[in-house]
Amino acid sequence: MWRRMHGSHLRERSLFAGEPHAVDGRQPLLGGAADFCASFFHVEASQEAGVGVACLNGEGSAGECARKSVAAVARLRGAAASAPPLHVARYTNCFRGSSRANVHAEQFLMQDARLLAALPAAAGGRLTIFLTYQPCHHSSGHDRAVTPPADGAARHAHSTSCTTALLAFRARELEPRAIALDLRVPNLYRAHWVHFATDAERELYAPRVASARAGLLLLANAPRTTIRALDAPDWAFLISLCAPALVASWAAAERAARAGGGGVADADAESELFTPARRAARGALDHFVSRLLESVAERVRAPSDGADSARAGRPPTELVLCQPSCNSPRRTCP
């Protein structure tokens, strides 16, 4: 039942690849069920998270998301959080033939002239970036023999690090304006892996797992920067960027959940997209992602004396993460 999806990281279903699409009333940023699922909602089977597949296109069907596309939605607010956003746009990875040649969504975001032009008016505010996964950190790809990057990242490491690029962008563009960077993710990319089917798979991917965890630590250590799982208001915001039929389907499922129906309020096909089983799987993965990211934050905050001295002294890439069966109140395994 449990398997890694080693297909292309960039099976992009959207027509918007590489282009920013601001909310302008002409088309929804996140489209219908297929695009929304591929970008944010889809749940992959994960032994670590204890969840099975949940897909708005139909689990086990020909249309099931083969691999989630990588999307980013930027929302820029000024110091008055209750005011309308100054900028909202969607970006996706651009496939250019290989993992090493692809241009990541974060790169398009950081180069968006409209976003850069809006930053001065957002002084003292917040740039929230909703991402399919946490930013990569030499953790992508499937190559078996590559040249390690100059910064000494793990063997087999990918040359790209959107983590370091975003932190440089934060220091260059956001910090001078006291703008906070807030990353919100519904899924994790490799940082949570502890189970491998074979020794060969472990040998290939364990260095990338270590790099992904190092990237999370870099983000957790960065000033005026947060990374966390999506919560109910985040999902409501993302749904508001979808096609009207999907917004109605979500609303029907929310009404049913409040009424005790679990997720389906009406008999029409649209309302049946967000079934109780799919909502439960998505909620379970959100909880797992939240718990893991909290463990990263606790690792950063760990005191340097007493029982935690050994943990606090570990190198940045040696991040020990809990699994669902662990009952440690600190959420970090001993």
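Here Arg258, Arg228 are placed in order of increasing Cβ neighbour count within 10 Å, fewest first, which gives Arg258, Arg228. Taking other C-beta atoms within 10 angstrom as a stand-in for reagent exposure, Glu44, Glu106, Glu175 fall in the order Glu175, Glu44, Glu106, fewest first. Residue by residue, the stretch 115-127 carries 3J(HN,Hα) couplings of 5, 4, 5, 7, 4, x, 6, 9, 3, x, x, 8, 9 Hz when phi is fed to the Karplus relation 6.51 cos²θ - 1.76 cosθ + 1.60 (θ = phi - 60°); x denotes Gly or Pro.
Mind sorting Asp199, Asp234, Asp286 by how few other Cβ atoms lie within 10 Å of their own Cβ, fewest first?
Lowest to highest Cβ neighbour count: Asp199, Asp234, Asp286.
The stretch 27-92 and the stretch 186-229 have Cα centres spaced 20 Å apart. In order along the stretch 29-34, the Karplus-derived 3J(HN,Hα) couplings, from 6.51 cos²θ - 1.76 cosθ + 1.60 at θ = phi - 60°, round to 5, 9, x, x, 4, 4 Hz, and Gly and Pro are given as x. At full extension, Ala259 and Arg224 could sit 8.6 nm farther apart than now, given 0.36 nm per residue minus the alpha carbon distance. Residues whose amide H falls under 5 Å from that of Cys65, counting only those 5 or more places apart or on a different chain, are Asn57, with hydrogens built in the peptide plane.
Our coupling estimate for the stretch 164-178, obtained by passing each phi through the Karplus curve with A = 6.51, B = -1.76, C = 1.60 and θ = phi - 60°, is 5, 5, 5, 5, 5, 4, 4, 5, 7, 9, 8, 4, x, 9, 6 Hz, Gly and Pro reported as x.
Rule-based calculations on the coordinates, nothing more; no lab input. Bear in mind the structure is a predicted one, so any value in this text is a computation, not a measurement. A quick note on method: Cβ atoms are made from the backbone with ideal geometry, for glycine too, and the neighbour counts reach across all protein chains shown.
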